[in-house]
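Please read through the structure below; I'll follow up with questions.
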Amino acid sequence: MCGIIAYLGDRPSFPLIIKGLKRLEYRGYDSSGVAVFENGSLNIFKKKGKVADLEAEASAAGLTATIGIGHTRWATHGEPNDVNAHPHFSSDRRMALIHNGIIENYAAIKQRLEKKGHVFLSDTDSEVLIHFIEDIRKETGQPLEEAVRIALREVVGAYAIVILSQDAPDQLIAARKGSPLVIGIGDGEYFLASDATPIVEYTKNVVYLDDYEIAVVNAHGLKIVNLDNTEKLPYVQTIELELEAIEKGGYPHFMLKEIFEQPRSVADSMRGRIQPATGMLQLGGLTGHFDKLVEARRIILVGCGTSWHAGLVAEYLFEELARVNVEVEYASEFRYRNPVIHHDDVVIAISQSGETADTLAAIELAKERGATIFGVCNAVGSSIARATHAGAYTHAGPEIGVASTKAFTSQVTVLTLMAIALGRHKGTIRDEVFTGLLEGLAALPGQIGQVLENAGKIKEIAYIFTYARNFIYLGRGLHFPVALEGALKLKEISYIHAEGYPAAEMKHGPIALIDEDMPVIFIATRDSSYEKIVSNIQEVKARKGRVIAIVTEGDELIPKMVDFVIEIPESHEMISPLLSVIPLQLLSYYIAVMRGRDVDQPRNLAKSVTVE
Ligand code: M6R
């Protein structure tokens, strides 16, 4: 939620910041802005809309400064407009701030400052923060770094901030709590950003700022202190991210690129984790903590959105393969519910970004109550990855399209490996089942490739249903979460109302919606629920619903009953969600494109939800 980029060095900062903002645009795209020094004074350019709108406007100013800060916004306080866009000035216009997060006690601070004569131009909590820092500076006469420290000790909420000040025009001050901030260290230059994507082109050496830390960057180097003013030696890490991974690579949208990357990303999620000779599973990140999983009284899977759907798939996997009690929780509900948690519970937090505020809070709660926390994250070094006791990265590579696709299949792949490893250790998987699962996993990347070859047919179906107003998605067992995921994909990028249900639930209410105008998507592969789902299809056809069925290759029965079929290869039932979800991703994508939607940056959404 909101993207931050700042630069200090010898290069012209404006083009670098604009490029960085475009890379970060997936984090928020309702408005953007930059602040740079030009002719000895601090200038701010802000614009509602995409970064390209800002670029068009500010380019005319011919900016040449070599220090600057930039921000792309996802509105929380105040509507998206030019005034509420960041950066925000202090009242004397000598300081500018960019902020990602929410200052929860901003109203009380604002009231205090207003009584002292501060006038606020925007509706944002962020503008209050820079005025607060300015006020502390004036009241105490302390240098900026100290004023920031005093202010942040009083602030409640989450923030990643960067401040540029006219009084120290060759210095950037940054801080974080709850929202990510990474500092790239180049040759005599520094890059501060919400994630490494705008940095990787220039340097691979980075320092991740921790919560409650303040960074001061200037010609003397990088200094990090915490809110108690204790200095810390920066820990420089090398990032592995490659530039191609964050570019479209010839695809019209990141989402399509990411859908087509799945044979590779799923293979990467398994790479090195299955010993070819012995079939033994090895998840390095769990080493030293695997016993906790083996002894777990209960596994609680927490996540939001698509990650929660991956958790629902995993519920079936862990129960079936490892015979352990499983609960799946929306992180946002779990964190406020006073849940009963035992010291021998294991919580598995699932998150692509590793920054989702509700998931992080759920982890902290479960940790306080003594549970062991495992993470299944995609973003390396992210807050969630660092907050967990152990975990397994999904290695899907950066996912930039707001709609999650390859992250989901990689999450499910890793969770499948975890469930198999646990079941094998506990002796709850018979040898022949184990062999079947390993064969299924080995065939998976190729089979995903086969499904992707059907894209043309799926596009034709999308064309027929482009202007449908509603969709119902139905599945049973492991395909019920896939139905939820298919419906979520469609609604978030095409803005069509869609609902996912367990197919058997249909007759308890949703069946009332069925008529000749209602498209119903069935995930009806040949598995243990096949006969049941065939009956459910008949129930819909009897009411004239238009049925699109995802079926197993060679199925002869269902194609005779339904309007459209999409075939997927036969696979092990436990692995089949990784195939059945692919046509649903493609269908949503093509419908959204045909409706002229902004597929990678759908309205009202942001990729990384760092506010609750
Ligand atoms: O980064 P996370 O996996 O924690 O994000 C959770 C959800 O915000 C995310 O899955 C969201 O639902 C996606 N936009 C769905 O496509």
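At q = 0.07, 0.09 Å⁻¹, what is the log10 ratio I(q)/I(0) for the chain, with the Debye formula run over Cα points and no solvent?
Computed log10 I(q)/I(0) values: -0.46, -0.74.
If I require 27 Å or longer along the helix axis, counting alpha carbons, and a Kyte-Doolittle average no lower than 0.0, what helices from the chain are left? Use full DSSP H segments. Could the numbers behind the result be given before it?
On the way: long enough: 406-426 (30 Å, 0.58); 431-452 (32 Å, 0.77).
Helices meeting the span and hydropathy rule in the chain are 406-426, 431-452.
DSSP loop GluC sites (Glu not before Pro) in the stretch 353-454 with at most 16 other Cβ atoms within 10 Å of their Cβ, which ones? Don't skip to the end; give the middle numbers.
On the way: sites: Glu355, Glu364, Glu368, Glu399, Glu432, Glu439, Glu453; in loops: Glu355, Glu399, Glu453.
For GluC sites (Glu not before Pro) across the stretch 353-454 that sit outside H, G, I, E and B with at most 16 neighbouring Cβ atoms in 10 Å, the list reads Glu453.
I've got another one for you. So, in nm, how far is label Ala542 from label Leu513 when the simple model puts each one 7 Å beyond its Cα toward the Cβ?
My value for the distance between the label points is 2.1 nm.
Still on this structure: How big is the dipole moment of the chain about its Cα centre under a simple scheme where the beta carbon of each Lys and Arg is +1, that of each Asp and Glu is -1, and everything else is neutral? Debye, nearest 20, please.
460 debye
Right, next: Along the charge dipole of the stretch 492-538, Cβ charges K/R +1 and D/E -1, which of Ile514, Gln538, Tyr495 sits furthest on the positive end?
In the stretch 492-538, that residue is Gln538.
Over the stretch 3-245, one equal point on each Cα, no solvent: what is log10 I(q)/I(0) by the Debye formula at q = 0.10, 0.12, 0.17 Å⁻¹?
Reported log10 I(q)/I(0), two decimals: -0.40, -0.60, -1.29.
Classify the stretch 383-528 as rounded, prolate or oblate, taking a ≥ b ≥ c as the square roots of the eigenvalues of its Cα gyration tensor: rounded when a/c is under 1.5, otherwise prolate if a/b is larger than b/c and oblate if not. Don't jump to the answer; show the numbers that get you there.
Working: a/c = 1.83, a/b = 1.56, b/c = 1.17.
Since a/c reaches 1.5 and a/b is larger than b/c, the shape of the stretch 383-528 is classed as prolate.
Also: So if I take the centroid of the Cα atoms in the stretch 332-402 and the same for the stretch 134-167, what is the distance between those two points in Å?
31 Å
Can you give the % of DSSP beta bridges in the chain that are antiparallel, to the nearest 5? Walk me through the intermediate numbers first.
Values: 64 of 105 bridges.
Around 60 percent antiparallel, to the nearest 5.
Another question, then. Could you work out the relative contact order of the chain, using alpha carbon pairs under 8 angstrom and six or more residues apart, expressed as a whole percent? Numbers along the way, then the final one.
On the way: 1372 pairs, mean separation 70.6, N = 612.
After rounding, I find 12 percent.
Sticking with this one: Take the alpha carbon atoms of the stretch 252-281, find their center, do the same for the stretch 64-118, and report the distance between the two centers in whole angstrom.
Taking the Cα centre of the stretch 64-118 as reference, the centre of the stretch 252-281 is 42 Å away.
A further question follows. Regarding the stretch 251-450, what is the average projected area of its C-alpha convex hull, in nm²?
Details: hull surface 42.4 nm².
If I average the Cα hull's projected area over directions, I get 10.6 nm².
Do any of Lys46/Lys177; Lys110/Lys489; Lys110/Lys138 go past 28 Å between their Cα atoms, and which? Don't skip to the end; give the middle numbers.
Details: Lys46/Lys177 25 Å; Lys110/Lys489 40 Å; Lys110/Lys138 16 Å.
Distance filter (> 28 Å) returns Lys110/Lys489.
Grab the Cα-Cα distance for Asp123 and Asp53, subtract it from 0.36 nm times how many residues apart they are, and report the gain in nm with one decimal.
Separation in residues times 0.36 nm, less the Cα-Cα distance, equals 23.0 nm.
How big is the stretch 556-612 by the Kirkwood estimate over distinct Cα pairs, in Å? Working shown, then result.
On the way: mean 1/r = 0.0689 Å⁻¹.
Computed over Cα pairs of the stretch 556-612, the Kirkwood hydrodynamic radius comes out at 14.5 Å.
Give me the base-10 log of I(q)/I(0) for the stretch 454-603 at each q in 0.18, 0.20 Å⁻¹, Debye formula, one uniform scatterer per Cα, rounded to two decimals.
After summing over all Cα pairs, the log10 values are -1.00, -1.25.
Each value in this text was obtained by applying a stated rule to the coordinates, not by laboratory testing. All figures in this text were calculated on a predicted structure; none of them were measured in a lab. Here the Cβ is made from the backbone with ideal geometry for all residues, glycine too, and neighbour counts use every protein chain on show.
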